[in-house]
1. Relative contact order of the chain: what whole-number percent is it, with Cα pairs under 8 angstrom and at least 6 residues apart?
2. Can you compute the helix-only [θ] at 222 nm over the chain? Use -39500 (n - 2.57) per DSSP H run of at least 4 residues, normalise by all residues, nearest 500 deg cm²/dmol.
3. Taking the mean number of other Cβ atoms within 10 Å as a proxy for protection, how do you rank 208-220, 165-177 from highest to lowest?
4. Could you count how many Lys pairs in the chain have their Cα atoms under 15 Å apart, skipping same-chain pairs fewer than 8 positions apart?
5. Ranked highest first by average number of other Cβ atoms within 10 Å, how do 104-111, 244-251, 183-190, 5-12 line up?
6. How high is the relative contact order of segment 27-110? Use alpha-carbon pairs under 8 Å, at least six apart in sequence, and give a whole percent.
7. About the Cα centre of the chain, what is the dipole size in debye to 20, counting +1 per Lys and Arg Cβ and -1 per Asp and Glu Cβ, all else neutral?
8. Please get the size of the charge dipole for segment 115-257, origin at its Cα centre, with Cβ charges of +1 on Lys and Arg and -1 on Asp and Glu, quoted in debye to the nearest 20.
Amino acid sequence: MQLRGATAIITGGASGLGEATVRFFFEHGARVVLLDINERRGKEIAEELGDQVIFAKADVTSESDIQRAIDLALETFGAVHVLVNCGASAPGALRRTVSRDGPYPLKEFEEYVHSYLVGTFNINRLVAVAMGRNDPTEEGERGVIINTTSISAFEGQIGQVAYAAAKAGVAGMILPIARDLAVMGIRVTAISPGVIASQRALDLPEKVKKSLISQTPFPNRMGKPREYAHLAHAIVENPMINGEIIRLDGAMRLGSK
């Protein structure tokens, strides 16, 4: 699948990994539908980049929001070839399974699972329907789906039980969905970032940032959002990358805290 001339839906496109991917894909000739719940910032980016980028306000957990965004992509650009799924929102605080306040609130745990896991599956299933209508390439490809998990799915730290469980669920879906959609010529993959210099990571206490960076052998720094986008581009254009989760972490392996 060649990125130039393709249409990509990018969720969470108004900030962080998603925004970097919107900009990278635009620079490499893709048409982009930017999905986010942040309407003001999403529209600013779309207006800045011009008519090859359009904005759709959408929550990834909403069937109607996502279907409207897909319909907008089809009406505007005629097809959907690529999905890069960076969008989710859930409580940001660390919380242990049992703390001085008692057991982990079940509702908060459910919010993580609903946002990261259910939201990811929701957009995968709906976008796949649209991709399945595409004419195949010479390789028989009709679409490429790139999801985002996390190294916390494999090495969750103290206080990350809900986030790690939700992201592990995303990781567990990749191969089955890839196998489900193989008959349609749709590849399904995931990128598993380490610590990326998004605003959320940059806002961490200095002590925490130094600890995380110290666990990254080389390069001994935070990753850059554009490095995520670069990898997403490579996945789109390499037809043998399928059913795979690629770590983007500088050989980082998280300790318990």
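1. It comes to 20 percent, rounded to a whole number.
2. Computed mean residue ellipticity for the chain: -12500 deg cm²/dmol.
3. Ranked from most to least packed, the peptides come out as 165-177, 208-220.
4. Lysine pair count for the chain: 5.
5. Ranked from most to least packed, the peptides come out as 5-12, 183-190, 244-251, 104-111.
6. 21 percent
7. For this selection, approximately 1000 debye.
8. In total the dipole reaches around 620 debye.
Read the figures in this text as sums done on the coordinates, not as results from a lab. Here the structure is a predicted model, which means the values were calculated and not measured. Every residue, glycine among them, receives a Cβ derived from its backbone with ideal geometry; neighbour counts consider all protein chains shown.
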